[in-house]
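Written below as structure tokens is the structure these notes are about.
The values are calculated or read from the model by the stated rules, or taken from the named source; none is laboratory data. Note that the structure is a prediction, hence the values are computed from the model and not measured. Counting neighbours? That spans all protein chains shown, and the Cβs are built from the backbone with ideal geometry, glycine included.
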Amino acid sequence: MSPFHLMHPISATVIRGLGNGRKFGFPTANLQLDAPQEFENGVYAAWVIVDVNRYKGMLYVGTRPSLGLTEKTYEVHLLHFSGNLYGKKLSFEVMQFIRPEQKFESVEALVEQLKKDRELVESI
């Protein structure tokens, strides 16, 4: 599958994760996809629908190598959202591939890159 285009929205349920995104200032909704999908590991700009509201989001697909983890995860940081999403159904549609997955040497370097990613997603 091309990392740049999806044909249809993808449905998912928000599940509990490790809480690292919140600690880094980028709370994420960890996603259990309703159907298997093939994604290139990396960061994507996405539209996310929660209830009847649409938000821009930074979708991450990967194994979180900067944290020493290996299990593939899907998680999304919603821009301009606050609230509890645990257990909610949402759907998302990828707008653009931002960058491939990277391993950062420190949490600070990861957070700096996340800030750049958020600025780019905001501008799309």
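Here are some notes:
- Entirely in the range 13-124, the strands (runs of 3 or more DSSP E) that have 1 or more residues that are surrounded by 13 or more Cβ atoms within 10 Å (Cβ to Cβ) and among the acidic types (Asp, Glu): 73-78, 89-100
- Residue check, Pro100 modelled with pLDDT of 95 or more and more than 17 Å from Ile124 (Cβ to Cβ): yes
- The set of residues from the range 1-12 being surrounded by 13 or more Cβ atoms within 10 Å (Cβ to Cβ) and at pLDDT 75 or above comprises Pro9, Ile10, Ser11, Ala12.
- In the range 26-79, the residues that are of a type in the set (D, E, K, R) and under 10 Å from the mean Cα position of the chain (by Cα): Glu75
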